[in-house]
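Peer 1: Can you keep this structure in mind? I'll have questions shortly.
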Amino acid sequence: RELGDYLFYPSRMDLIKRHALAVEAMRHVRTPVQLVLAGRGNEERPLREQVRRLGLEDRVRIEVGIPGDQLIERYLGALGAFFGAFDEDFGYVPLEAFAAARPVVTLSDSGGALEFITDQETGLVVAPEPEAVADAFDRLWEERDLAARWGAAGRDVVLERVPAWPEIVEQLLG
């Protein structure tokens, strides 16, 4: 499916996930790219207030309670995904995005996700600064063919490196 016009970030809305950084980055984007945040958590209200305070209501959408089938559609309709968690052991967002053949923008201090996301191969790894994130969002928008190649490479990573459930169960029981 053709790449869409938004970056998708589905995640629990918690400070460690750094949604606010992605919202702040949207102040600096030069292209028409949008941001869709999906999830629930104690940061939902502050994020909505941040979007309103910065006047980004037409650029940033917050969705709560997306069912699984619609979550898949959001990935498939995206330009790419954002993964902003700080030093997380492992993140499903990159793997889900790669399964949908979408590139991922992540941060240089995101932890375990960096085992799957390779800068300029499966997405972009940038400093945890709003301007750097905005530049990455703009680059995906401006270089859509490259973004599509990175997403396809990410899908290959998932197929090559992530075992199927029967293999996981066998390893756990073995």
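The values are calculated or read from the model by the stated rules, or taken from the named source; none is laboratory data. These numbers come from a predicted model, not from an experiment. When we count neighbours, we look across all protein chains shown, and the Cβ atoms used for this are built from the backbone with ideal geometry, even at glycine. Please note that ligands, DNA and RNA were not included when accessible areas were found on the heavy atoms of the full protein model with its side chains. Shrake-Rupley method; radii C 1.70, N 1.55, O 1.52, S 1.80 Å.
Peer 1: For Ala78, state whether it is aliphatic (A, V, I, L, M), under 16 Å from Asp5 (Cβ atoms) and modelled with pLDDT of 95 or more. Reasoning before the result, please.
Peer 2: Working: aliphatic (A, V, I, L, M): yes; under 16 Å from Asp5 (Cβ atoms): yes; modelled with pLDDT of 95 or more: yes.
Considered against the rule, which asks whether it is aliphatic (A, V, I, L, M), under 16 Å from Asp5 (Cβ atoms) and modelled with pLDDT of 95 or more, Ala78 comes out as yes.
Peer 1: Starting from the stretch 114-137, take each residue that is surrounded by fewer than 21 Cβ atoms within 10 Å (Cβ to Cβ) and list its partners that are at pLDDT 95 or above and in a loop (DSSP other than H, G, I, E, B), counting only C-beta distances under 6 angstrom and pairs at least six apart or across chains.
Peer 2: If the second residue must be at pLDDT 95 or above and in a loop (DSSP other than H, G, I, E, B), the pairs left are Ala127/Ser108; Pro128/Asp109; Pro130/His28; Glu131/His28.
Peer 1: If we keep just the residues of the stretch 89-113 that are of a type in the set (Ser, Thr, Tyr) and open to solvent by 30 Å² or more (accessible area, probe 1.4 Å), which is nearest to the chain's Cα centre (by Cα)? Talk me through it step by step, then tell me what you get.
Peer 2: As a first pass, look at the stretch 89-113 and keep what is of a type in the set (Ser, Thr, Tyr): 92, 106, 108, 110.
Checking which are open to solvent by 30 Å² or more (accessible area, probe 1.4 Å) leaves us with 92, 108.
Details: Tyr92: 10, Ser108: 14 Å.
Residue satisfying both the conditions and the ranking: Tyr92.
Peer 1: Okay, moving on. Could you tell me whether Ala147 is of a type in the set (Gly, Ala, Ser) and more than 24 Å from Arg1 (Cα to Cα)? Can you show your working first?
Peer 2: Details: of a type in the set (Gly, Ala, Ser): yes; more than 24 Å from Arg1 (Cα to Cα): no.
When the stated conditions are applied, Ala147 does not pass them.
Peer 1: Here is a follow-up. Going by the structure shown, is Phe86 in contact (Cβ under 8 Å) with a residue 40 or more places away in the chain, in a loop (DSSP other than H, G, I, E, B), open to solvent by 50 Å² or more (accessible area, probe 1.4 Å) and closer than 28 Å to Arg161 by Cβ?
Peer 2: The answer is yes for Phe86.
Peer 1: Then there's this: In the stretch 31-72, what residues are charged (D, E, K, R) and either surrounded by 14 or more Cβ atoms within 10 Å (Cβ to Cβ) or outside any helix (DSSP H, G or I) (or both)?
Peer 2: Listed by number, the residues that qualify are Arg40, Glu43, Glu44, Arg48, Glu57, Asp58, Arg59, Arg61, Glu63.
Peer 1: OK, next. Can you name the residue in the stretch 110-149 that is of a type in the set (Asp, Glu) and part of a loop (DSSP other than H, G, I, E, B) and is also farthest from Glu88 (Cα to Cα) among such residues?
Peer 2: Taking the stretch 110-149 as the starting set, the residues that turn out to be of a type in the set (Asp, Glu) are 115, 119, 121, 129, 131, 135, 138, 142-143, 145.
Now narrow it down to the ones that are part of a loop (DSSP other than H, G, I, E, B): 121, 129, 143.
On the way: Glu121: 21, Glu129: 18, Glu143: 29 Å.
That would be Glu143.
Peer 1: What tally of residues in the stretch 3-46 results from selecting those that are out of contact with any Pro (no Cβ under 9 Å at 6 or more places or on another chain), over 27 Å from Ala152 (Cβ atoms) and small (Gly, Ala, Ser)?
Peer 2: Count: 1.
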